[in-house]
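The values are calculated or read from the model by the stated rules, or taken from the named source; none is laboratory data. None of the values given here were measured: they were computed from a predicted structure. Here the Cβ positions follow ideal geometry from the backbone for every residue, glycine too, while neighbour counts run over all protein chains shown. Ligands, DNA and RNA are excluded from the accessible area calculation, which covers all protein heavy atoms including side chains. Shrake-Rupley method; radii C 1.70, N 1.55, O 1.52, S 1.80 Å.
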Amino acid sequence: MSRLLEGVRVVDLSTDVAGAYGAKLLASYGADVVKVEAAGGDPTRRLASTEAGNPDASVLFGYLNTGKRSVVLDADDALQREAIVALLRTAGVVIESGVPGEWAARGIDFDALRGERPELVVCTVTPFGQTGPRAGWRTTALTAFAVGGQMVLCGDPDKPPLKTAGHQAYYQAGLHVFSATVTALFGVKRTGLGERIDISIQEVQAASLEGFGPAAMLRGSDAERTGNQLRAIWGIYPCADGYIGVAAMSRQAPSVYECIGQPELARDPGFTTQLLGPENNEIASALIGEWAAARTALEVFEESARFRAPMALIPAPRDLLEWEPLRERGFWREVEHPVLGRHALPAGPFAVDGDRGRAARAPLLGEHTQEVLAELRDARPAQPQRPAGTAKPLLEGIRILDLTQVWAGPYATRFLGDMGADVIHIEGPRFPDAVRGITRAAETRAYNRSSYFNEYNRNKRGLVLDLQHPDGLAAFLKMVEQADVVMENWSNGVAEGLGLGYDVLKAINPRVVMVQMPAFAQEGVESTRIGFGPSIEQMGGIVALQGYKGGPPHRSGISYGDPLGGTVAAGAVALALLRRETTGEGSRVVVFQRDNVIGLVGEFIVAESIGHPLPVRIGNRDADLVPHGAFRALDDSGRRQLDLAGNPAIDYHERWVAIAVDTDEAWRALCSAIGDQRLADERWQTVEGRRRDEAAIETIISDWVSRQDADACAARLQAAGVSAAPVLSAMMLLGDEHLRERGFWQQVTQREVGEHLTTHPVWRLANRPVGAMRGAPCFGEHNAEVLSEVAGCSDEEISWLAENGVIADVPG
């Protein structure tokens, strides 16, 4: 039984996957979460159901609400509204998903409530945030995904943009709900001042476009979908009995070639570079494909382990449930549900001193109404806290030693830096952050001009220090004395081998929090495997679920495991710091990145557990909503992708509109907007009838959309009451009126790049300032400053370290 959030009451007023998943994670780590539902039940109770009309038979609701209590109260009824307000007055956190003004119009004013109780944290998560021209737009899993910049990157170039499995845009936002809320609770613990958090699902995605978003912001370069083969050592290959994934950075390329029996390629720079030329890429792809086709997926996986080559299985839900390493670690938790029956639940995505959260079944509709009402009758009114001093950034005064590289770790520490922490990003003289090399190769000092590195390392200081040198290690350990958090995402055992294991750090500073981010596991057979975002995504089960109908599993358009791991890691840090406020002690936090991905397809796991599997690889269609898809609109004037030298490489013109009909009323609205008499067929007035003729309906819609401007078409349908959205690319997002009005694009200055765009922090806070954005550090930019201030080094000592190569400002 997790006690990490013991004593925190969360009232979950949300009606979508994002709010529900964020609240579920809070419940997993010990919070008392009360789910407030209307008489007919939460809308997610009507999706992915095993029994039509039974609100307790939804595997989606059954997964999203584990560990919560359910009360049925209607805010439109005066007496029941009073009960809701009384419940809110007992809460430390409120999570809601209403459009601007919705709850106030129903008699519940969160701002007034926070005026009574300034320590309250209210987290609002909506498709477009609480301000801007689209703030009132309706979305579904498809249309919310369309506007964030990720959907246009997923799929094959000759097919429509592809939706990822389940409700991924909402799940991503749910991770932010959890992490932002826990960070705000840490602020409450220190100062007594709560927070009003505004999270936009569109902004969540637009801020996590891997290198594609930074390339648009810094270089004006766009990108679209490239299929399963981004390049030879970064793609999905058929094997004898299924598919396997390969995801190698340049330094892992030799291990891939040695694994497939082509060691001579490992000695050829033309085949080990991060971005192969077309000819070499074609040769390498053919060799890897031929080797994989002659072996089963398990044979590939086991052989790759011998060479530490980053290759991955692509398991389906049943494979995950039976995967022995997960079972041995006790990852699966069994619960008994009165309607769904016995089923498995994944453990929490991270552990704090071994605590991976608790598992309990989801509630029946209204199961705890009387219990909670009785508690309210007996409850004493909460005494408001008096905030101490002025509002300061949530993490002001927290120092983080950031040893992470690439994306997941730096993404986590960027959130912490955005919230005011002093983040010191540490690299080695001969081991710079790998993404410093993803830039225009012809530039001088290119390692300081990488758009990828600079976007995810803003608001940090940069230190280059050789931890393998005794004096470098000694300087770092002196810094640990002054640190609150040490964070690393190296291969397992590297930290301990350097003399930086948790036991060492704890002996120096008992209050330090150490965070480690293994791709798969910290111990056991999986602990030695190397994995990057695509491997984590593949092994986490999502890739097997998504793809065009009749086609292979399909990768997401970005290295999807990375931003997910980074987001939840930021919350894990805040939770460990919150625990430290009570215990006075630090802790060891382990973020299991693959396990985190499994959590985002949990409804598929529950469905498989009870013998009621959900459909997979159905393209953009949906099991519950019809019609549901992406339709090509009029082409635009064109957008360009630039090559590494800045020259035009590909022109893009396609525009698409995502349309999801989620009710019969929405269907009638769509028919009215299109005005085609063929849609008046009586058989299509119900979802069952529409499903029987889905292809014919799609043809009619396609014909109409093909004559429309994508943005105007989506706006017209939204005005009529249909969930529709344009499919936006990174460059389209830069010109997006809604994001511009919300001030999502910010100016920042970096020493060598100069002024450039960056994204606004995703966690928008009403009470606390977000300071002026600082550009990412150049290589070793703050060596002297950090060593003097944090390690206590004298000028003479710093000079000696520089002269002996222990610190540097140019990669060796």
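Output the helices (runs of 4 or more DSSP H) that fall wholly within region 268-370 and possess 2 or more residues being in contact with a Cys (Cβ under 7 Å, 6 or more places away or on another chain) and crowded, with 21+ Cβ neighbours inside 10 Å, or say none.
Numbers: elements: 269-272, 278-293, 297-307, 317-322, 324-328.
Filter on region 268-370 gives 297-307.
Restricting to region 548-600, and then to whatever is over 20 Å from ILE314 (Cα atoms) and acidic (Asp, Glu), can you tell me which residue is least open to solvent (accessible area, probe 1.4 Å)? Full working, then the answer.
Taking region 548-600 and keeping what is over 20 Å from ILE314 (Cα atoms), we get 566-591.
Filter once more, so that each one left must be acidic (Asp, Glu): 581, 585.
On the way: GLU581: 73, GLU585: 105 Å².
Step by step, filter region 548-600, then rank; the result is GLU581.
Only residues in region 305-325 that are more than 20 Å from PRO238 (Cα to Cα) count as the first member; pair them with residues that are among the aliphatic types (A, V, I, L, M) and open to solvent by 20 Å² or more (accessible area, probe 1.4 Å), Cβ under 8 angstrom, at least 6 apart or cross-chain, and list the lot.
Correct list of pairs: ARG308/ILE530; PRO325/VAL525.
Let me spell it out: the conditions are (1) farther than 24 Å from LEU765 by Cα; (2) out of contact with any strand residue (DSSP E or B) (no Cβ under 7 Å at 6 or more places or on another chain), and GLY235 meets all of them except one. Which number is the exception?
(2)
Can you confirm whether VAL423 is out of contact with any strand residue (DSSP E or B) (no Cβ under 6 Å at 6 or more places or on another chain) and buried (at least 24 other Cβ atoms within 10 Å of the Cβ)?
No: the conditions fail for VAL423.
Could you count how many residues in region 642-666 are under 27 Å from SER702 (Cα atoms) and of a type in the set (S, T, N, Q)?
Initial filter on region 642-666 (under 27 Å from SER702 (Cα atoms)): 650-666.
Now narrow it down to the ones that are of a type in the set (S, T, N, Q): 663.
Qualifying residue count for the region: 1.
Restricting the search to region 148-195, which residues are open to solvent by 10 Å² or more (accessible area, probe 1.4 Å), in contact with a Pro (Cβ under 7 Å, 6 or more places away or on another chain) and outside any helix (DSSP H, G or I)?
Matches in region 148-195: LEU193 only.
Which pairs turn up if I take residues in region 161-174 that are more than 16 Å from ALA658 (Cβ to Cβ) and in contact (Cβ under 8 Å) with a residue 60 or more places away in the chain and look for partners that are polar (S, T, N, Q) and open to solvent by less than 10 Å² (accessible area, probe 1.4 Å) with beta carbon separation below 7 Å, at least 6 apart in sequence or on another chain?
Listed by first residue and then by second, the contacts come to GLN172/GLN205.
Under 18 Å from the mean Cα position of the chain (by Cα), open to solvent by less than 10 Å² (accessible area, probe 1.4 Å) and not basic (Lys, Arg): does that describe PRO518?
Working: under 18 Å from the mean Cα position of the chain (by Cα): yes; open to solvent by less than 10 Å² (accessible area, probe 1.4 Å): yes; not basic (Lys, Arg): yes.
Here the answer is yes, as PRO518 does meet what is asked.
Taking the stated definitions as given, is ASP74 touching a helix residue (DSSP H, G or I) at 6+ places or on another chain (Cβ under 6 Å) and open to solvent by 10 Å² or more (accessible area, probe 1.4 Å)? Don't jump to the end; show me each part of the working.
On the way: touching a helix residue (DSSP H, G or I) at 6+ places or on another chain (Cβ under 6 Å): yes; open to solvent by 10 Å² or more (accessible area, probe 1.4 Å): yes.
Yes, satisfied.
Taking the condition on the phi < 0 side of the Ramachandran plot, assigned to a loop (DSSP other than H, G, I, E, B) and open to solvent by 10 Å² or more (accessible area, probe 1.4 Å), does GLY136 pass?
Against the criterion (on the phi < 0 side of the Ramachandran plot, assigned to a loop (DSSP other than H, G, I, E, B) and open to solvent by 10 Å² or more (accessible area, probe 1.4 Å)), GLY136 qualifies.
Within region 675-690, how many residues turn out to be surrounded by 18 or more Cβ atoms within 10 Å (Cβ to Cβ) and either among the β-branched types (Val, Ile, Thr) or within 34 Å of the chain's Cα centre (by Cα) (or both)?
The number of residues fulfilling the criteria is 1.
Scanning for something touching a residue at least 12 places away in the same chain (Cβ under 8 Å), closer than 18 Å to ASP422 by Cα and crowded, with 16+ Cβ neighbours inside 10 Å, does region 487-502 turn up at least one residue?
yes
Counting only residues that are assigned to a loop (DSSP other than H, G, I, E, B) and aliphatic (A, V, I, L, M), which one in region 220-267 is surrounded by the most Cβ atoms within 10 Å (Cβ to Cβ)? Before you say what the answer is, go through the steps one by one.
Pass one, region 220-267, residues assigned to a loop (DSSP other than H, G, I, E, B): 220-228, 232-233, 240-241, 248-249, 260-262, 267.
Then drop every residue that is not aliphatic (A, V, I, L, M), which leaves 223, 232-233, 240, 248-249, 260.
On the way: ALA223: 24, ALA232: 25, ILE233: 27, ALA240: 14, ALA248: 24, MET249: 17, ILE260: 23.
Of everything passing the filter in region 220-267, ILE233 is surrounded by the most Cβ atoms within 10 Å (Cβ to Cβ).
Scan region 749-761 and report the pairs whose first residue is within 19 Å of LEU416 (Cα to Cα) and whose second residue is crowded, with 17+ Cβ neighbours inside 10 Å and among the aromatic types (Phe, Trp, Tyr), with Cβ atoms within less than 8 Å and a gap of 6+ or a chain change.
Partner pairs satisfying both residue conditions: THR758/TRP745; THR759/PHE744; THR759/TRP745; HIS760/PHE744; HIS760/TRP745; PRO761/PHE415.
Looking at region 642-649, is at least one residue crowded, with 21+ Cβ neighbours inside 10 Å and either in contact with a strand residue (DSSP E or B) (Cβ under 7 Å, 6 or more places away or on another chain) or part of a strand (DSSP E or B) (or both)? Give the derivation first.
First, pick out the residues of region 642-649 that are crowded, with 21+ Cβ neighbours inside 10 Å: none.
No; the residues of region 642-649 include none that is crowded, with 21+ Cβ neighbours inside 10 Å and either in contact with a strand residue (DSSP E or B) (Cβ under 7 Å, 6 or more places away or on another chain) or part of a strand (DSSP E or B) (or both).
Of the residues that sit in region 742-775 and are more than 22 Å from GLY194 (Cβ to Cβ) and of a type in the set (D, E, K, R), which one is nearest to the chain's Cα centre (by Cα)?
Keep residues of region 742-775 that are more than 22 Å from GLY194 (Cβ to Cβ), which gives 742-759, 772-775.
Retained after the next criterion (residues that are of a type in the set (D, E, K, R)): 742, 751-752, 755, 774.
Details: ARG742: 21, ARG751: 30, GLU752: 30, GLU755: 28, ARG774: 23 Å.
Result: ARG742.
Quick check: anything in region 685-698 in contact with a helix residue (DSSP H, G or I) (Cβ under 6 Å, 6 or more places away or on another chain) and not hydrophobic (A, V, I, L, M, F, W, C)?
Yes, region 685-698 contains at least one residue that is in contact with a helix residue (DSSP H, G or I) (Cβ under 6 Å, 6 or more places away or on another chain) and not hydrophobic (A, V, I, L, M, F, W, C).
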